[in-house]
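Chemist: Here it is, the structure in full.
Where a number appears in this text, it was derived from the coordinates with a stated rule and is not lab data. Here the structure is a predicted model, which is why all the values come from computation and not from measurement. Here the Cβ positions follow ideal geometry from the backbone for every residue, glycine too, while neighbour counts run over all protein chains shown.
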Amino acid sequence: MALWGGRFNQGPAESVAALSRSVDFDWRLAPYDIRVNIAHLAGLVAGGVIPAESGEKIRAGLVALGQEIDAGAFSFNDSDEDVHSAIERGLISKIGEIGGFIRAGRSRNDLVVTDFKLYLIDHLLEVASGLSALVAAINVQADLHQGSVAPGFTHLQHAQPINFGHELAKHSHALLRDIDRIGDWLERNSISPLGAGALSGSSLAPEPELTAEALGFIAAHGNSIDAVSDRDFAAEALFIFAMIGIHLSRIGEEFTLWSTTEFNWAILDDAYSTGSSIMPQKKNPDIAELARGKSGRLIGNLTGLLVVLKGLPFAYNRDLQEDKEPIFDSVETLLILLPAVIGMIATTKFRSDRMVSGALAGHSLATEIADYLARAGVPFSQAHEAAGACVKLCDSKGIELNELSDAEFAQINSKLPGEVRQHLTAEGAIASRNSIMGTATESLINQLAELGQENSQAQRWIESERERFSGMMNL
Ligand code: ARG
């Protein structure tokens with residue numbers, strides 16, 4: 001059903017209708033559109049625009065339509081341009097022409113952006129909940145590996161030994177930041193555009209604060225022109241989704257690498273691996289690779305919307321219809337990806353025997369020699385030189401640092417006694433880094449306790465935010 005046409009001599013050409021039509025994707029907004037219409041209707045009744053009795057009929061019609069939509073009994077058809085026209089058609093066919101009152105005092109311009117924000121509030125919280133489950137899965141594995149010695153890398157070259165639990169736990173910090181970003185988004189963006197009308201506000205629905213409150217928003221928007229034009233919230237959400245995608249991609253890269261024969265640190269569960277159609281022996285880390293690959297579209301969705309917004313005049317322009325598909329795609333991509341990544345991490349068996357065997361490769365304890373000298377009062381520049389000379393000597397003799405003789409140490413630097421050898425163990429190097437953020441096991445135990453608390457706090461927060469915004473779903 002078209003929501004306009006009075007001033008036209010003919011309807012749109014077929015190609016125009018096809019181009020213009022958004023209902024195939026914006027139907028996802030239907031449950032929110034029903035709720036926004038109900039809140040708007042209450043405003044119209046309170047303002048005396050619609051008599052209470054008619055208001056009750058329309059409300060009952062909207063509620064019944066909402067139930068049919070939830071049950072899949074009502075949907076859009078070929079004649080509908082967008083979700084708003086489909087719902088108005090459904091309402092009128094249910095309760096008659098009286099349904100047409102609902103359009104008073106609002107425009108699709110404020111309606112669509114209000115629906116869209118409600119969709120995002122709902123789905124950002126769903127993504128946050130998936131992230132929290134992922135953090136929990138990572139923390140369990142990190143806990144299992146609190147004492148596993150592994151090589152740590154910089155430039156993908158052996159650098160210093162680390163605790164493998166520490167290596168895993170780093171991801172939880174990044175993902176908790178993502179949840180935090182969702183919290184920031186909600187604080188900044190949970191303001192209601194409804195009441196902006198086409199662009200200038202509405203004379204028929206003059207109390208946007210009331211509809212804002214009824215929908216569960218924190219407040220009403222302060223400027224009607226900005227209210228219908230603002231898509232910062234969509235771009236910010238796409239940035240959050242892209243950042244999550246990047247975090248998952250980096251996890252994916254590690255698992256891909258760790259499951260190679262060369263590394264052989266991680267044995268992926270059969271349920272979270274795939275085979276090859278030609279090479280019967282293959283077991284491939286496709287979940288990890290998809291986690292890495294999906295980041296491409298998540299980043300693309302962000303850049304796509306930013307380009308749409310650049311240079312766009314205020315207020316509503318049809319270009320803004322292009323805001324929805326990137327968001328739906330990013331949300332749906334993450335909601336399908338997160339459970340698979342969680343399962344992969346939860347079921348992976350890590351081979352600490354393999355990790356420890358490589359922990360000292362590449363003279364990864366050279367920093368211990370430099371640190372020893374620094375503690376003995378040698379300027380670090382000289383300490384670094386001396387440790388480098390030890391590495392050079394070892395390489396020329398084909399031996400390890402702890403195989404240098406007392407005389408060789410002393411010759412390199414007089415402040416370097418054979419006793420330095422006591423410091424040349426991976427366990428010692430790890431244990432000595434016992435600051436709050438260090439890789440020592442005692443630090444890691446505290447870190448994991450902290451992460452567990454932060455994650456429980458995040459879970460409680462998600463529940464309370466669901467509660468806080470539940471008004472929008474319980475009309
Ligand atoms: N389908 C449109 C969108 O998503 C709804 C708003 C249409 N408004 C208009 N003035 N044509 O943006």
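Chemist: To the nearest µm²/s, what D does Stokes-Einstein give for segment 1-84 at 25 °C and 0.890 mPa s, using the Kirkwood radius over alpha carbon pairs as Rh?
Modeler: Working: Rh = 14.6 Å.
Answer, rounded: 169 µm²/s.
Chemist: Can you work out the base-10 log of I(q)/I(0) for segment 116-166 at q = 0.15, 0.24, 0.28, 0.32 1/Å, using the Debye formula on its C-alpha atoms alone?
Modeler: Those come out to -0.60, -0.85, -0.95, -1.02, one per q.
Chemist: Tell me, what is the percent relative contact order of segment 1-118, built from C-alpha pairs under 8 Å that lie six or more residues apart?
Modeler: Values: 105 pairs, mean separation 45.7, N = 118.
Computed value for segment 1-118: 39 percent relative contact order.
Chemist: With charges set only on the Cβ (+1 for Lys and Arg, -1 for Asp and Glu), what does the dipole of the chain come to about its Cα centre, in debye to the nearest 20? List each step's numbers first, then the result.
Modeler: On the way: 38 positive and 61 negative charges, 62 e Å.
I would put it at about 300 debye.
Chemist: Shifting gears a bit: Compute the long axis of helix 83-95 from its Cα atoms, compare it with the longest principal axis of the Cα atoms of the chain, and write down the angle in degrees, 0 to 90, nearest 10.
Modeler: Approximately 40 degrees, to the nearest 10.
Chemist: Over all alpha-carbon pairs in segment 25-163, figure out the percentage whose distance exceeds 17 Å.
Modeler: It works out to 68 percent of all Cα pairs.
Chemist: Now for a different question. Would you pull out the residues with amide H under 5 Å of ALA266's amide H, same chain only if 5 or more places away, H placed 1.01 Å from N?
Modeler: SER259, ARG351
Chemist: So if I place +1 on the C-beta of Lys and Arg and -1 on the C-beta of Asp and Glu, and nothing else carries charge, what would the dipole magnitude of segment 1-143 be about its Cα centre? I want it in debye, nearest 20. Walk me through the numbers before you get to the answer.
Modeler: On the way: 12 positive and 19 negative charges, 91 e Å.
Around 440 debye, computed over segment 1-143.
Chemist: Give me a comma-separated list of calculated 3J(HN,Hα) values for segment 191-203, in order, Karplus coefficients 6.51, -1.76, 1.60 applied at θ = phi - 60°, integers in Hz, x for any Gly or Pro.
Modeler: Couplings: 10, 8, x, 5, x, 6, x, 5, 6, 10, x, 9, 7 Hz.
Chemist: Over the Cα atoms of segment 208-271, each weighted equally, I'd like the Debye log10 I(q)/I(0) at q = 0.14, 0.20, 0.26, 0.29 Å⁻¹, rounded to two decimals.
Modeler: Cα-only, vacuum Debye calculation for segment 208-271: -0.64, -0.89, -1.04, -1.11.
Chemist: To continue, here is another question. Neighbouring Cβ atoms within 10 Å as the yardstick, rank LYS94, LYS392, LYS310 fewest first. Walk me through the intermediate numbers first.
Modeler: On the way: LYS94 17, LYS392 12, LYS310 7.
Final ranking by Cβ density, sparse to dense: LYS310, LYS392, LYS94.
Chemist: Which of GLU419, GLU454, GLU97 comes first, and how do the rest follow, when ranked by fewest Cβ neighbours within 10 Å? Present the calculation step by step, with values, prior to reporting the outcome.
Modeler: On the way: GLU419 10, GLU454 18, GLU97 7.
In increasing order of surrounding Cβ atoms, one gets GLU97, GLU419, GLU454.
Chemist: Taking just the C-alpha trace of segment 147-206, give me its Rg and Dmax in Å.
Modeler: 24.0, 69
Chemist: While we're looking at this one, here's another question. Among THR333, ALA431, ALA205, which residue has its Cα positioned farthest towards the positive end of the charge dipole of the chain, with +1 placed on the Cβ of Lys and Arg, -1 on the Cβ of Asp and Glu, and the dipole taken about the Cα centre?
Modeler: THR333
Chemist: Taking just the alpha-carbon atoms of segment 322-475, what radius of gyration and Dmax come out, in angstrom?
Modeler: Over segment 322-475's Cα set, Rg and Dmax evaluate to 25.2, 83 Å.
Chemist: Divide, for segment 213-322, the radius of gyration over alpha carbons by 2.2 N^0.38 Å, where N is the residue count.
Modeler: Relative to the rule-of-thumb radius for its length, segment 213-322 sits at 1.61.
Chemist: Quick one: which residues, 5+ away or cross-chain, put their amide H under 5 Å from the amide H of ALA220? H built at 1.01 Å from N.
Modeler: Those qualifying (amide H under 5 Å, at least 5 residues apart or on another chain) are SER192.
Chemist: Using the number of other C-beta atoms within 10 angstrom as an exposure proxy, rank VAL113, VAL16 with the fewest first. Provide the component values of the computation, followed by the final result.
Modeler: Numbers: VAL113 26, VAL16 10.
The order, fewest Cβ neighbours first, is VAL16, VAL113.
Chemist: Going by amide H atoms built from the backbone, whose H comes under 5 Å of the H on GLY152, apart from near neighbours?
Modeler: Correct list: ALA159, GLN160, ILE162.
Chemist: Can you list the HN-Hα couplings for segment 287-301, worked out from phi with the Karplus curve (6.51, -1.76, 1.60; θ = phi - 60°), rounded to whole Hz and with x for Gly and Pro?
Modeler: 5, 4, 5, 5, 4, 6, x, 5, 4, x, 6, 5, 6, x, 4
Chemist: Along its principal axes, what span do the Cα atoms of the chain show, with the longest given first and each in whole Å?
Modeler: That gives 99, 54, 39 Å along the principal axes, largest extent first.
Chemist: A further question on this structure: Mind listing the phi-derived Karplus ³J(HN,Hα) values for segment 436-451, rounded to whole Hz, using 6.51, -1.76 and 1.60 with θ = phi - 60°, and x for any glycine or proline?
Modeler: With coefficients 6.51, -1.76 and 1.60, one gets 4, 9, x, 8, 4, 4, 5, 5, 5, 4, 5, 4, 5, 5, 4, 4 Hz.
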